[in-house]
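Contents: one structure, followed by commentary.
The values are calculated or read from the model by the stated rules, or taken from the named source; none is laboratory data. What you see is a predicted model; the values in this text were computed from it and never measured. Cβ atoms come from the backbone with ideal geometry, glycine included; neighbour counts cover every protein chain shown. SASA here: full protein model, heavy atoms, side chains in, ligands and nucleic acids out. Shrake-Rupley method; radii C 1.70, N 1.55, O 1.52, S 1.80 Å.
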Amino acid sequence: MSDQLRPRASLRTAVVWEVLKDALDRQVKAAGRDALDVLDTGGGTGNFAVPAARLGHRVTVVDPSPNALFALERRAAEAGVADRVRGVQGDILGLFDVVERGGFDAVLCHGVLEYVDEPGEGVRNAVAALRPSGALSLLAAGLGGAVLARALAGHFTEARHALTDPAGRWGEGDPVPRRFTAEQLSELVSGAGLEVGAVHGVRVFADLVPGVLVDTEPGAVDALLKLEAAVAELPAFHSVATQLHVLGEKRP
């Protein structure tokens, strides 16, 4: 896949984009239309929205930040897809104040559930925005990755605290309000009426490898990307991933 058809080739987005692109391709075949209606909740500046629009899809981004939406508009214009990207100020708990129910072939909910008071309600709203046979792409912070990172940094008490904290936080200074296990995210998706199509671990190694090694070693970035892709679907690595991605599918 060319760089033009994906978000900036990075260790943070590559695995998720590959899964998402495949899901969109399946939706195109199922719907019998080349252009899908995609909703990106919390889509911010368009890391996924703009590449999806480059594929020909119509993307609505709902985000609470006016600054992010302004940057999205500029980014879409620079990419030549301004006519296929629409930004709307709002959030997932008040989703139907700004978009219609059942109006989208795919919904992206990336980096949102960590910050809402009712994650279950957020997922139910995302599912309610889908058309029959639609797909949900859910990405959230993983508990195990945070525990491992704190332990490797020598913060053993904080690592243990995260294990027992109901929200998966390592302490008062933790910038992430909530983390999840793969099982918790899968239950949220299935509880909202979707079939869990796939679960992926994201940034299993990327956040643990020293940046200087990746930046200076020839071929290191490509090799690490391939390693991340190789382990993403293996359940044994989900428990140590920094983020978890769940693909849910709505069956007619």
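So the values come out like this:
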| quantity | calculated |
| --- | --- |
| Members of segment 190-221 found to be β-branched (V, I, T), farther than 19 Å from L108 by Cβ and surrounded by fewer than 20 Cβ atoms within 10 Å (Cβ to Cβ), listed by number | V209, V212, V214, T216, V221 |
| From A126, A52, A23, residue being at pLDDT below 95, in a helix (DSSP H, G or I) and closer than 29 Å to Q184 by Cα | A23 |
| Number of the condition not met by L244 [criteria: (1) in contact with a Leu (Cβ under 8 Å, 6 or more places away or on another chain); (2) modelled with pLDDT under 95; (3) on the phi < 0 side of the Ramachandran plot] | (2) |
| Restricting segment 230-248 to residues that are under 14 Å from L185 (Cβ atoms) and not polar (S, T, N, Q), the residue that is most open to solvent (accessible area, probe 1.4 Å) | P235 |
| Single residue of L95, L72, L139, L148 found to be open to solvent by less than 60 Å² (accessible area, probe 1.4 Å) and within 16 Å of the chain's Cα centre (by Cα) | L139 |
| Pair list, Cβ under 6 Å, 6 or more apart: segment 168-189 residue open to solvent by 60 Å² or more (accessible area, probe 1.4 Å), other residue not aliphatic (A, V, I, L, M) | none |
| Matching residues, segment 25-64, being in contact with a Cys (Cβ under 9 Å, 6 or more places away or on another chain) and open to solvent by 30 Å² or more (accessible area, probe 1.4 Å) | G42 |
